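Every read-out reported here was derived from the displayed coordinates using simple, explicitly stated rules and does not represent laboratory data. Just so it is clear, the structure is predicted and the values come from calculations on it, not from any experiment. Every residue, glycine among them, receives a Cβ derived from its backbone with ideal geometry; neighbour counts consider all protein chains shown.
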Amino acid sequence: MDAAYLSAFAALAGSAIGGLTSLAASWLTQREQVSAQQLAHDIGRREELYKDFIEEASKSFADAIEHSEVDAAKIVRLYALVSRMRILSAQRVVEQADKVIGLIMERYAVPNKTIREVADELKARGLDPLRDFSEACRGESGRRSELSERMRS
């Protein structure tokens, strides 16, 4: 084989290997970026869902304090949010959300109280109807952060 052909073949092989390496690096980088964007999107969706649930549950709990009759529209909205959580969230978050709805339903069953009476009761018992739910959400978001850190390394 002629030396010129050998040099040309080596140059082409080197270019091909360099191109393939560059293509593979670009593909891996793009894949990681898409994964990170998807994770960020999923976290944002969950956070918005949790925010909506906390707002609705707070309104329903306040309504249950003031009224004995269940506001069906509010409860159905809460169940709809929990159903969305079943698709997107960890089991512990869903369980805590179900407990919040149970507390609201129990509150409707007891005689109406003034806000002052409820505040005193909550202080005395250390009861925050949304605390366990919020902690479950924070725990889930902490696990997601750990996962995203592992993906980056």
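Just name one of PHE61, PHE9, VAL34: the one whose Cα is farthest towards the positive end of the charge dipole of the chain (beta-carbon charges, Lys/Arg +1, Asp/Glu -1).
About the Cα centre, the residue reaching furthest to the positive side is PHE9.
Straight-line reach from LYS51: which lysines have Cα under 22 Å away, leaving out those fewer than 8 places along the same chain?
Within reach: LYS59, LYS74, LYS99.
Provide the per-residue ³J(HN,Hα) series for region 26-40, in order, calculated from phi with Karplus coefficients 6.51, -1.76, 1.60 and θ = phi - 60°, each as a whole number of Hz, with x at glycine and proline positions.
Those phi angles translate into 5, 4, 5, 4, 4, 4, 5, 5, 5, 4, 5, 5, 5, 4, 4 Hz.
Cα gyration tensor of region 54-136, axes a ≥ b ≥ c as square roots of the eigenvalues: rounded (a/c below 1.5), prolate (a/b > b/c) or oblate?
oblate
Output the 0 to 90 degree angle, nearest 10, between the alpha-carbon long axis of helix 115-125 and the longest principal axis computed from the alpha carbons of the chain.
Its long axis makes an angle of about 70 degrees.
Go ahead and estimate [θ] at 222 nm for the chain from helices alone: -39,500 (n - 2.57) per DSSP H run with n ≥ 4, summed, over the residue count, rounded to 500.
About -31000 deg cm²/dmol.
Going by how many other beta carbons lie within 10 Å of each one, how would you line up LYS113, LYS123, fewest first?
Listed from fewest to most nearby Cβ atoms, that is LYS123, LYS113.
Within 13 Å, Cβ to Cβ, of SER60, how many net charges do the neighbouring residues add up to if Lys/Arg are +1 and Asp/Glu are -1?
Residues near SER60 contribute -4 overall.
Going highest first, how would you order 7-19, 33-45, 64-76, 88-100 by mean Cβ packing within 10 Å?
Per-residue mean Cβ counts within 10 Å order the peptides as 88-100, 64-76, 33-45, 7-19.
Treating the angle as unsigned and between 0 and 90°, give the value, to the nearest 10°, between the Cα long axis of helix 91-109 and the longest Cα principal axis of the chain.
Taking Cα atoms only, the helix is inclined about 20 degrees.
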